[in-house]
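The values are calculated or read from the model by the stated rules, or taken from the named source; none is laboratory data. What you see is a predicted model; the values in this text were computed from it and never measured. When we count neighbours, we look across all protein chains shown, and the Cβ atoms used for this are built from the backbone with ideal geometry, even at glycine.
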């Protein structure tokens, strides 16, 4: 299959970027947050805009220490730019899609030729995981931007260099990736197969002996990029002097990084999880070609092609890195996908000749199949938001505000959607804090005229179900509004150590 174009290389690259934006951005104005991650990150960004706490993020007035803030900064910027939170949440991922597409086209063209660059971008845009990640409002969709830029800079330096400017560009991108999510350094894993290729004298890699000082300077660039958040964050914590701030530093720099990688407390999966449960589905249709690609890569490696060793070795190291962690989610390995399609793209012409050598008529329909496949992804972008409908928390919190007439609402075992779509002042005692229902009962007794939002599983502990007002189901629970009159008298608790009160100045649409 040969896809010839009459366009200049630059124009063709821009057209492929436009195609990526069109496919990934399909249905953008219809999408709403539909999971806890999207609700959380949108809420944190909105709270940043409201309270001005840019360096220490908050969730319903409580410090949010799970992730660094760069993604939330990006969402907040797009909210300010567009005035539409539901649109702004997905724009960082859309930007990532365009940049990653440009990176693949340019590297494919430079390492091989324009046709290979084109195939690399089309493989990327044809893959299932591209849409399952880049159509979401999650950190990993934004992380892809920095990893793609770090991957680009290192490839320009190691395989097409020496280009120290691109190396430092890559280091800066990795630093910004780290303050998006701690694993933003993974492009640096490329240095391992590169060092092996240089030592063994493989062709296709650039030798740079006697440059220890320049390599070391790259680490400084990474740290300086991280310091765009770390330094003002530490200054802010020290200036405030509160114990919560110092606890935040420990949580975000140690517990949520090294501790989480070594001993995750969520999403624990076996070491083979990605290879058995994720890749066969989410890397379709590319996985269908693996029985032919793997022997072909082996032959290229036997010829000591350093390009294949560095790119394929990096992909395998990324998979190994995430597989060794006890916590695994399907989106973690997405950063490896651009490297995989780039190393697979040069084999596409050979694969097509091998598959269709005796089926010339069938080969003519291959471009049509590609167009139809991409067209289906475009259509799905509009169909999914319609099928999903409105976020159920939105209707539930509107009902709660109506039932309580806008009075203070205590949240018990709450989820991010309750906070994001709150239409009245909310009170809570810490996210996922134990004894919250007992503390809520005491709070209602001490504050007449207030209400509590309680899930069905905890309702009878402290309240009379027959005096509760049912609202509906979200977050795998039925929710009820109660006031002090529903108190069954069974719950007594000490005054909570922390009480957080929060109200939106402007509701999410």
- Tell me, yes or no, whether segment 167-186 has at least one residue that is outside any helix (DSSP H, G or I) and at pLDDT 95 or above. no
- With respect to the numbered conditions (1) out of contact with any helix residue (DSSP H, G or I) (no Cβ under 9 Å at 6 or more places or on another chain); (2) closer than 26 Å to residue 33 by Cα; (3) crowded, with 20+ Cβ neighbours inside 10 Å, which one is the sole condition not fulfilled by residue 501? (3)
- Going through segment 274-310 one residue at a time, which ones are under 23 Å from residue 131 (Cβ atoms), under 26 Å from the mean Cα position of the chain (by Cα) and buried (at least 19 other Cβ atoms within 10 Å of the Cβ)? 274, 278, 279, 282, 283, 286
- Item | Subset tally (residues that are touching a helix residue (DSSP H, G or I) at 6+ places or on another chain (Cβ under 7 Å) and on the phi > 0 side of the Ramachandran plot) for segment 2-59 | 1
- Message: Can you find a residue that is at pLDDT below 95 and in contact with a strand residue (DSSP E or B) (Cβ under 7 Å, 6 or more places away or on another chain) anywhere in segment 308-328?
- Response: yes
- Query: If you go through segment 399-413 one residue at a time, how many are under 21 Å from residue 478 (Cβ atoms) and either surrounded by fewer than 23 Cβ atoms within 10 Å (Cβ to Cβ) or touching a helix residue (DSSP H, G or I) at 6+ places or on another chain (Cβ under 8 Å) (or both)?
  - Reply: 10
- Message: Looking for something buried (at least 16 other Cβ atoms within 10 Å of the Cβ), assigned by TED's automatic domain parsing to the domain that holds residue 196 and closer than 25 Å to residue 16 by Cα - is there at least one such residue anywhere in segment 317-331?
- Response: yes
- Query: Hey, any hits in segment 337-356 for a residue that's surrounded by fewer than 16 Cβ atoms within 10 Å (Cβ to Cβ), touching a residue at least 24 places away in the same chain (Cβ under 8 Å) and touching a strand residue (DSSP E or B) at 6+ places or on another chain (Cβ under 9 Å)?
  - Reply: no
- Could you check, for segment 482-496, whether at least one of its residues is in contact (Cβ under 8 Å) with a residue 12 or more places away in the chain and within 30 Å of residue 89 (Cβ to Cβ)? no
- Complete set of residues in segment 408-422 that are more than 29 Å from the chain's Cα centre (by Cα) and farther than 11 Å from residue 503 by Cα: 410
- Item | Meets criteria (over 19 Å from residue 116 (Cα atoms), modelled with pLDDT of 90 or more and within 34 Å of the chain's Cα centre (by Cα)) for residue 379 | yes
- Can you tell which of 373, 377 is touching a helix residue (DSSP H, G or I) at 6+ places or on another chain (Cβ under 7 Å), under 30 Å from residue 18 (Cβ atoms) and buried (at least 16 other Cβ atoms within 10 Å of the Cβ)? 377
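Conditions (1) touching a strand residue (DSSP E or B) at 6+ places or on another chain (Cβ under 8 Å); (2) touching a residue at least 24 places away in the same chain (Cβ under 8 Å); (3) closer than 30 Å to residue 119 by Cα, marked per residue:
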{"position": "7", "(1), (2), (3)": "no, no, yes"}
{"position": "16", "(1), (2), (3)": "no, yes, yes"}
{"position": "25", "(1), (2), (3)": "no, yes, yes"}
{"position": "43", "(1), (2), (3)": "yes, yes, no"}
{"position": "61", "(1), (2), (3)": "yes, yes, no"}
{"position": "67", "(1), (2), (3)": "no, yes, no"}
- Query: If you go through segment 49-66 one residue at a time, do you hit one that is crowded, with 23+ Cβ neighbours inside 10 Å and under 16 Å from the mean Cα position of the chain (by Cα)?
  - Reply: no
- For segment 111-128, how many residues are in a helix (DSSP H, G or I) and either outside the structural domain of residue 284 (by TED's automatic domain parsing) or more than 17 Å from residue 11 (Cβ to Cβ) (or both)? 9
- Give me the pairs: first residue in segment 222-234 and touching a residue at least 60 places away in the same chain (Cβ under 8 Å), second residue crowded, with 16+ Cβ neighbours inside 10 Å and assigned to a helix (DSSP H, G or I), beta-carbon distance under 8 Å, and six or more apart or on different chains, which are they? 229/70; 233/249
- Would you pick out the residues in segment 187-202 that are surrounded by fewer than 18 Cβ atoms within 10 Å (Cβ to Cβ) and either assigned to a loop (DSSP other than H, G, I, E, B) or not assigned by TED's automatic domain parsing to the domain that holds residue 226 (or both)? 201
- Task: Name the single residue, out of those in segment 425-441 being touching a helix residue (DSSP H, G or I) at 6+ places or on another chain (Cβ under 9 Å) and outside any loop (DSSP other than H, G, I, E, B), that is surrounded by the fewest Cβ atoms within 10 Å (Cβ to Cβ).
- Result: 438
- Would you mention how many residues in segment 462-474 are surrounded by fewer than 17 Cβ atoms within 10 Å (Cβ to Cβ) and either out of contact with any strand residue (DSSP E or B) (no Cβ under 9 Å at 6 or more places or on another chain) or under 22 Å from residue 394 (Cα atoms) (or both)? 5
- Message: residue 160 - would you say it is out of contact with any strand residue (DSSP E or B) (no Cβ under 8 Å at 6 or more places or on another chain), more than 25 Å from residue 76 (Cα to Cα), in a loop (DSSP other than H, G, I, E, B) and modelled with pLDDT of 95 or more?
- Response: yes
- Meets criteria (within 15 Å of residue 92 (Cα to Cα) and in a loop (DSSP other than H, G, I, E, B)) for residue 45: no
